Each structure stands twice: as structure tokens, then as C-alpha cells.
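S.K.: Below: one structure in C-alpha cells.
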Amino acid sequence: MSNCTKPLIHVSNLCKSYGNSKILSGISFDIESGDLVSVIGPSGCGKSTLLRCLNCLEVLDDGEISIDSIRLLASDHRKNESLFSRRANRLRLNVGMVFQEFNLFPHKTLLGNITLAQTVVKSESVGKARDLAMFLLEKVGLGNFGERYPWSLSGGQKQRAAIARALAMKPKVMLYDEPTSSLDPEMIEEVLQVMRDLDNDGMTQIIVTHEMRFAKDASDYIIYMENGEIVEISDEDEIFINPQDDRTRRFLKRYM
């Protein structure tokens, strides 16, 4: 988030509403390549909507998003919706997303889940798609699980498979929306370790999480949100040692 290099992700004055309910109000931040950023805050504060805007699952009402130099302006959507949609599709190819629910296709093996988008969206050959799928399964600790179906896996294994599927599209950025919220405690660590390994590999990651220990130990930056706004942004674990805003202090008292 320094100004020394051009940020991989640039967000300026991002606003989003549903009807009369304002969900995001004037969100602005920069993230550099290789950063791991945790987004924390109370439920309903707009964290998930922020991720959905970054992945173009929601159309911003105002402001600007730029990822890997692909720039989306809310004003462009109003002027030329077709052009905006084409840019959004280009941007989406650079952004992988992992949800709270695993969203794996139940009728396909893990290999089938991971190769499908490669062959359909990127027109990759079946052989190359399968080779990459096997490599990624190995990377997330599921090297012997390629022919298994989702129903036969634990929650942690399903989430790691979902991460492998997102990585198969070779994104520049990975987004995670509460990826461990539906997991048993003993399965949480195995998913968080995959994120640590990806951070060591230089993957840019934004993680909406309530896992405060992980946020404190693993993050390069932490964004605290409340009521659709960014209250403060802190590098490393400074926010836990010396939060600058009373709202942040009150929230962290519940966890620390």
C-alpha cells in the first residue's frame, strides 16, 4: 500500500447501494502485488459486498476499480453498458474467488471440477488442464484425491479443492469470503495454511475473515470496516497493538 510502485489493485470512492440501503460508502485503498490483506469488521458492514464488487459480481454505483491495469468506472457503465461488461469479463479472468460455501459440482470428481473452467473458458486442452489440476491438488495437499467426489470429503478438503479450482484460472488476485466460517475448528488451520503458502509464493490475496489470530499473524495489511466505510487501515499487527479509532477498539475487545 505504499506509493513506491503502481498498485496491482486500486479502489477509489467505491459506493454500492441496494435500493435505499447504502452498503458501501466511499471505499478507497491500494494493494500492491504480493500483499496479503485481511478485511475485518462486524457482520453486515459490507465486507462481502466489497469482494463481490472487486470480482464484478456486483456493479459499482459510483467510483472506480482497477486490477492489473483493467479499469472500471461506474460512469462508464452508465454510458456504455456493453463496453463495461466486456471490461468486467476481462478483469474477472484475473480474479479468483472462494466463497463460504464450497460450490463444487457434486456430480464431478475434483479433477472434473478443476479442469472444467480451463477447457470451457480458456479453451485449454484436456491434457494440459488435467496436468495443471493435478499440480494444484498436490499444492493444496490433495494430491491423491483427484478421482474423489465432493461428497466424500471433509469441509476443509472441500475448501482446499475450491481454492485449487480458483487457482486453475491463473488469477493475479485471490479473494476469499469467510472461507473458514463453515468449518470445524480442527479443519480451519489446514485452509489457512494454504493461504500462507500462497502468500509465500507471492500471490496477492484479500481475505474477509473473523479469524483474528490469522489476520494478526499473516497479514501485510488489515482493513477494518464498519457501516460500509473503512475505519482504518493498518500495516502488520499494529491495529491490534494500537488501534487509532474507538470503533476499532470496541470491535477488537470482543476477540482479544
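The values are calculated or read from the model by the stated rules, or taken from the named source; none is laboratory data. Model, not experiment: these values are computed from the prediction. Heads up, the Cβs are rebuilt from the backbone with ideal geometry, glycines too, and the neighbour counts pull from every protein chain shown. Note: accessible area is taken over every heavy atom of the protein model, side chains too, but ligands, DNA and RNA are not part of it. Shrake-Rupley method; radii C 1.70, N 1.55, O 1.52, S 1.80 Å.
Per-residue answers, yes or no, for (1) on the phi > 0 side of the Ramachandran plot; (2) small (Gly, Ala, Ser); (3) buried (at least 17 other Cβ atoms within 10 Å of the Cβ):
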residue	(1), (2), (3)
Arg196	no, no, no
Met203	no, no, yes
Met212	no, no, yes
Ala215	no, yes, yes
Ala218	no, yes, yes
Ile223	no, no, yes
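S.K.: Please go through segment 225-256 and give me each residue that is open to solvent by less than 80 Å² (accessible area, probe 1.4 Å), in a helix (DSSP H, G or I) and aliphatic (A, V, I, L, M), ordered by number.
M.R.: Of everything in segment 225-256, those that are open to solvent by less than 80 Å² (accessible area, probe 1.4 Å), in a helix (DSSP H, G or I) and aliphatic (A, V, I, L, M) turn out to be Ile239, Leu252.
S.K.: A further question follows. Counting only residues that are buried (at least 18 other Cβ atoms within 10 Å of the Cβ) and assigned to a helix (DSSP H, G or I), which one in segment 91-100 is nearest to the chain's Cα centre (by Cα)?
M.R.: Restricting to residues being buried (at least 18 other Cβ atoms within 10 Å of the Cβ) and assigned to a helix (DSSP H, G or I), the top hit is Arg92.
S.K.: Within segment 120-141, identify whether any single residue is among the small types (Gly, Ala, Ser) and touching a Phe, Trp or Tyr at 6+ places or on another chain (Cβ under 9 Å), and answer yes or no. Explain how you work it out, then say what you get.
M.R.: As a first pass, look at segment 120-141 and keep what is among the small types (Gly, Ala, Ser): 123, 125, 127, 129, 133, 141.
Then keep just the ones that are touching a Phe, Trp or Tyr at 6+ places or on another chain (Cβ under 9 Å); that gives none.
Scanning segment 120-141, I find no residue that is among the small types (Gly, Ala, Ser) and touching a Phe, Trp or Tyr at 6+ places or on another chain (Cβ under 9 Å), so the answer is no.
S.K.: Answer with yes or no whether Arg130 is within 30 Å of Trp151 (Cβ to Cβ), in contact with a helix residue (DSSP H, G or I) (Cβ under 7 Å, 6 or more places away or on another chain) and of a type in the set (Lys, Arg). Don't jump to the end; show me each part of the working.
M.R.: On the way: within 30 Å of Trp151 (Cβ to Cβ): yes; in contact with a helix residue (DSSP H, G or I) (Cβ under 7 Å, 6 or more places away or on another chain): yes; of a type in the set (Lys, Arg): yes.
Yes: the conditions hold for Arg130.
S.K.: Got a sec? Which of Gly127, Gly156, Gly146 is open to solvent by 20 Å² or more (accessible area, probe 1.4 Å) and either of a type in the set (Gly, Ala, Ser) or not in a loop (DSSP other than H, G, I, E, B) (or both)? Break it down into steps so the answer makes sense when it comes.
M.R.: Details: Gly156 fails: open to solvent by 20 Å² or more (accessible area, probe 1.4 Å); Gly146 fails: open to solvent by 20 Å² or more (accessible area, probe 1.4 Å).
So the residue among Gly127, Gly156, Gly146 that is open to solvent by 20 Å² or more (accessible area, probe 1.4 Å) and either of a type in the set (Gly, Ala, Ser) or not in a loop (DSSP other than H, G, I, E, B) (or both) is Gly127.
S.K.: Can you list the strands (runs of 3 or more DSSP E) found entirely within segment 1-90 that contain at least 3 residues being of a type in the set (A, V, I, L, M, F, W, C) and without any contact (Cβ under 8 Å) to a residue 40 or more places away in the chain? Write out each step before concluding.
M.R.: Details: elements: 9-18, 21-31, 36-40, 62-67, 70-73.
Qualifying strands (runs of 3 or more DSSP E): 70-73.
S.K.: Between residues in segment 106-127 that are over 26 Å from Leu91 (Cβ atoms) and residues that are of a type in the set (Gly, Ala, Ser), which pairs lie under 6 Å by C-beta distance while being six or more apart or on different chains?
M.R.: Leu110/Gly146; Leu110/Ala161; Leu111/Ala133; Leu111/Gly146
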